[in-house]
Structure formats: C-alpha cells, structure tokens
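Colleague: Once you've had a glance at the structure underneath, I'll fire off some questions.
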Amino acid sequence: MGYLVAGNWKMNKTVGETLEYLELFLPAVKDLTKVEIMIAPPFTALSSASIKLDAARREGEYNVKLGAQNMYYEEKGAFTGEISPLMLTELEVEYVILGHSERRHIFGERDSLINKKVISAVEHGIRPILCVGETIEEREQGRTLSVVERQIRNGLAGVERDLVYIDIAYEPVWAIGTGVNATPEQAQEVHRFIRSLINEISKGNDHKTRILYGGSVNEKNARELIREPNVDGFLVGTASLDPERFYKVITEVLEV
Ligand code: 13P
C-alpha cells in the first residue's frame, strides 16, 4: 500500500467551514492519486463532506477518503451521544481514528474499550487507525516501547488475523499540538519496533498495516520524517486545518 496522509480536524470546522475548505482543497489534490489522502471532519460535517467528495469523484480522479474521529462499537441502542458504525458506513466513511491520545487522556478511554471499537470497525468494513504513544513522563522513565507495546497488543487483541485492514498511528503525546515533533530518529526507533511487533502479532499472515507518524507534522518537517523507512504516512492535526498547508504536506510526501 502507498503512503497515507490523514488530516484529523479534531473539534474544528462547522459544516460551512468544511465546505469552504473542500472548495479550495479538492481542486488542488485532483489527480494526486499516488498518495492516499484522508480527512476526518467532526461528525456534524461528515454528511456534507461525503456528498461533496462524491460529486468531486464523478468529475475527476481523487484519492481522498473520508474518516471519522471516533466511533462506538455497538450498532444502535441507548448510548446517548455516541455514533455507531452503521451511521458511518451509510456516509461512506472508510476510516476511523480510534484510541487517539485526546480520547485516552481527556475522556478516559482505556485499551479494553478501544479494542472493542477496533473489532467493531473491522467487522463493519471501516479501516481503523489505532493511535498509540507515550507521555513525556513515560519517555523520560524509559518506558516508551513498553507503553506502545501494551497499547498495540491490547488494542489489537482478537483481530490479529485482520491486520490487513488496520493502520497504526504513532503519536507521542508530548509532540501533539506542541510544535515539537519527534525527530526522524525518534520516530524511526518506535516505528521499527511497531513493525516488528505487528509482524510477530500477525503470525506470518500477509498484512498491509501502515505505520503513520503524528505530532506536530507540518510542511517543513514532513520530508525528513517520511524519508525514514518505517514511516508510511502521517496523521496531521493543526497543519491539516488549512487546505494550503495540508496540500503542502501531501506534496512533500509525493517528492520522496
Ligand atoms: P498536531 O499535528 O496538531 O500536533 O496533532 C496531531 C494529532 O493529534 C493528529 O491526530
């Protein structure tokens, strides 16, 4: 699989702002089919974005997919405020970001809940991007690899045979929204570790899991990061909110 450059908009952009963004962004990425692009607007804008993407695809070659930022694992029921996989597949959502550090740290999501969501997403044909990463304290205590290993083993429990449908994002918590990205060497060390873990977990099954890096990725640092052999793309927050900056990150990836 080729590179994936995904934009996590977090709690940003109304429907109107989403449509304005796409007016600018879609013409710029027409025919850029060598890299897979994903945008994850908030739930309220998914429907409008989906219609807009459909219309664009009818008129040209686009490799732009739609993603959700979260999902509950049940299909329906008394779960006030939650969004189900069926609600996402109806909107042609192809990706779902799960276990993002903001979900873990602000909303208290644990590995066991995230694992249920991963299993449900795979069952419903939505490709999960499982996010993992250590806090600054954990890094300073030398626990980076053990934390990432725990998050991955627990997050992927029961779907070891389905890794062909799953991507991982390594997002060190200290690099998210801080302007301080992991150095290419730091990213490579963890990505190499994740790659070997995934190979072990998949028990030799052919898998197409990509390992994305996330945390203060921008148009200036994207090239040196993507040059690392185990970095298969990015999960971009802040720099994805501006269509021009996100386009530049994508073109940096295309240069490699
Ligand atoms: P920033 O790019 O703003 O650091 O956010 C990264 C992130 O959390 C993407 O999921």
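What follows is calculated from the coordinates using simple rules that are stated; it is not laboratory data. Keep in mind that what you see is a predicted model, and the values were worked out from it rather than measured. Glycine also receives a Cβ, built like all others from the backbone with ideal geometry; neighbour counts cover every protein chain displayed.
Colleague: Return the long-range amide H neighbours of residue 236 (sequence gap of 5 or more, or a different chain), with a cut-off of under 5 Å between placed amide H atoms.
Modeller: Close amide H contacts, sequence-distant or interchain: 6, 7, 8.
Colleague: Using the Kirkwood formula over every pair of different C-alpha atoms, what hydrodynamic radius in Å results for the stretch 45-141?
Modeller: 14.7 Å
Colleague: Work out how much length residue 206 to residue 224 would gain on full extension: take 0.36 nm times their residue separation and subtract the Cα-Cα distance, in nm to one decimal.
Modeller: Using 0.36 nm per residue and subtracting the Cα-Cα distance, I get 3.6 nm.
Colleague: Here's a follow-up. Once you place label points 7 Å from the Cα toward the Cβ at residue 20 and residue 89, how far apart are they in nm?
Modeller: With each label point 7 Å from Cα toward Cβ, the separation is 3.6 nm.
Colleague: How big is the dipole moment of the stretch 148-230 about its Cα centre under a simple scheme where the beta carbon of each Lys and Arg is +1, that of each Asp and Glu is -1, and everything else is neutral? Debye, nearest 20, please.
Modeller: 100 debye
Colleague: Still on this structure, I have one more. At most 11 other C-beta atoms within 10 Å and a DSSP loop state: those are the exposed chymotrypsin sites (Phe, Trp or Tyr not before Pro) I care about. Give me the longest piece of the chain that has none.
Modeller: Counting only loop sites that pass the neighbour cut-off, the longest clear stretch is 108-256.
Colleague: Right, something else. Just to be sure I follow: if Rg is taken over the C-alpha atoms of the chain and Rh is the Kirkwood radius over the same atoms, what is Rg/Rh? The partial results should precede the final answer.
Modeller: On the way: Rg = 17.1 Å, Rh = 18.2 Å.
My calculation of the ratio gives 0.94.
Colleague: Also: Applying the Karplus parametrisation 6.51 cos²θ - 1.76 cosθ + 1.60 with θ = phi - 60° to the phi angles of the stretch 208-225, what ³J(HN,Hα) value in whole Hz is obtained for each residue in order, glycine and proline being reported as x?
Modeller: Once θ is set to phi - 60°, the couplings for the stretch 208-225 become 10, 5, 9, 10, 8, 9, x, x, 6, 6, 8, 5, 8, 9, 4, 5, 5, 6 Hz.
Colleague: For the stretch 163-210, which semi-axes, largest first and in whole Å, follow from the square roots of 5 times the eigenvalues of its Cα gyration tensor?
Modeller: Over the Cα atoms of the stretch 163-210, the semi-axes work out to 25, 11, 7 Å.
Colleague: So, one more: Please build a GNM for the chain, connecting alpha carbons under 10 Å apart, and tell me which residue among 141, 186, 69 fluctuates the most.
Modeller: Result for the chain, Cα springs under 10 Å: 141 fluctuates most.
Colleague: Then there's this: With each run of n ≥ 4 DSSP H residues scored as -39500 (n - 2.57), what mean residue ellipticity at 222 nm is computed for the chain after dividing by its residue count and rounding to the nearest 500 deg cm²/dmol?
Modeller: -13000 deg cm²/dmol
Colleague: Sticking with this one: Looking at the chain as a GNM with Cα springs under 10 Å, which of 128, 42, 229 has the largest mean-square fluctuation?
Modeller: In this elastic network of the chain, the residue with the biggest mean-square fluctuation among 128, 42, 229 is 229.
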